[in-house]
Amino acid sequence: MEFTHFSVLLQECLDGLAIRPDGRYVDGTAGGAGHSREIAKRLTTGRLYALDQDPDAVAVATERLAPYPQATVIKTNFRDMKPVLEKEDALPVDGVLLDLGVSSWQLDNPARGFSYREDAPLDMRMSQSGMTAAELLASAPESEIARILWEYGEERYSRSIARNIVRAREKSPVETTLQLAEIVKSSMPAAARRDKNPCKRTFQALRIAVNSELDALSQGIDEAFDCLSPGGRLVIITFHSLEDRMVKQKFAALAKGCICPPEFPVCVCGRTPAAKLINKKPILPGEKELAENHRSASAKLRILEKIHARNESIKFPKE
């Protein structure tokens, strides 16, 4: 199966990175190397570091970036980019791109267990290491499964689904995607089952839990910002509300100045914005891209420019 990947919001990302031919850039989610290849094309004496935790993606990116000696492919999670770039003597960098979520290849390859449309082992591991979704469902208490489905999938029937997963596993392990899909559907009223994607929220939630995606994103934003030089850009594409909310809040915190209590007559914290927002509202795909790639429909792009290092935590003087 060919490794396919649509480069969502490609031109908008390139513009957001404000690429210089001699700059240093990081694609923290190389995938099929679509974004990476276009960044590399624009470099002369500059460098591109293409990172991905998926060994399949690393193999493909290595092949597709082979014509570009200015590109280096590294197998790692973007949450660990700082020590990786330090080892490469690559700091600071001028731009970091994160294209979050699951790739078209991962979705379309049944063996990876991300899709509820075809029967396959219930895996969902992006790195192909660690606990699988099947193992999580086999060991987690009912309350934990319900929490995962509610917090990460915003699934309104989380308790019912969790209860039925536990009942099912008492008879036989829940090990395949279609097994889980049937449990999810049977846990919903008929009206909800008529939704064209009744399993989407459950599968999203388990994928996020298996891959610790929100923890990785929180740490990854901090790591990426610390790796930037002043004037460097952090460009992030999100695909669901949980990701976008975290990016929006973290960007807002970095762009915030004084945090003194409103009753203070003058500022005593001395805090100044560490960054500025390039776009206050997210950039969305245009009609042409939506027509060509329906999976881009939920994409949102946010861009941040670094001014100086992150502010240390502020301690207000005691009265």
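The values are calculated or read from the model by the stated rules, or taken from the named source; none is laboratory data. Just so we're clear, the structure is a prediction, and the values are computed from it rather than from any experiment. Positions of Cβ are generated from backbone atoms using ideal geometry, with glycine treated the same way; all protein chains shown enter the neighbour counts. These area figures cover heavy atoms from the full protein model, side chains too; ligands, DNA and RNA do not enter into them. Shrake-Rupley method; radii C 1.70, N 1.55, O 1.52, S 1.80 Å.
Considering only DSSP states other than H, G, I, E and B, which trypsin sites (Lys or Arg not before Pro) in segment 59-88 qualify as loop sites with at most 10 other Cβ atoms within 10 Å?
Hits after loop and neighbour filter: nothing returned.
When the solvent-accessible area of segment 179-247 is split by element, carbon and sulfur atoms take up 46 percent of it, the probe being 1.4 Å.
When you filter the GluC sites (Glu not before Pro) in segment 31-114 for DSSP loop state and at most 11 other Cβ atoms inside 10 Å of their Cβ, nothing is left. Take every pair of alpha-carbon atoms less than 8 Å apart whose residues are at least six positions apart; their mean separation over the length of the chain yields a relative contact order of 17 percent. Near the amide H of Val73, within less than 5 Å, lie the amide hydrogens of Ala50, all on another chain or at least 5 residues away, with H placed in the peptide plane. Averaged over its residues, the chain has an accessible area of 49 Å² per residue, based on protein heavy atoms and a 1.4 Å probe.
Here is the link list: Lys41/Lys200; Lys256/Lys300; Lys200/Lys300; Lys82/Lys250; Lys41/Lys281; Lys281/Lys306. Which ones come out longer than 25 Å on Cα distance?
Listed pairs above 25 Å: Lys41/Lys200; Lys41/Lys281.
Among all helices in the chain defined by DSSP H, which have a length of 15 Å or more along the axis from Cα atoms plus a Kyte-Doolittle mean of at least -1.0? Length and hydropathy pass: 142-153, 158-171, 200-211, 213-227, 241-254. Entry for segment 114-239 at q = 0.15, 0.16, 0.19 Å⁻¹: log10 I(q)/I(0) = -0.70, -0.77, -1.01, Debye formula applied to identical alpha-carbon scatterers, no solvent contribution. Taking only the Cα atoms of the chain, the radius of gyration and Dmax are 21.3, 67 Å.
Computed per residue of the chain from DSSP H runs no shorter than four, each worth -39500 (n - 2.57), the mean residue ellipticity at 222 nm is -12000 deg cm²/dmol. Sparse packing (at most 16 other Cβ atoms within 10 Å of the Cβ) combined with a DSSP loop state is found for the following GluC sites (Glu not before Pro) in segment 110-184: Glu118, Glu154.
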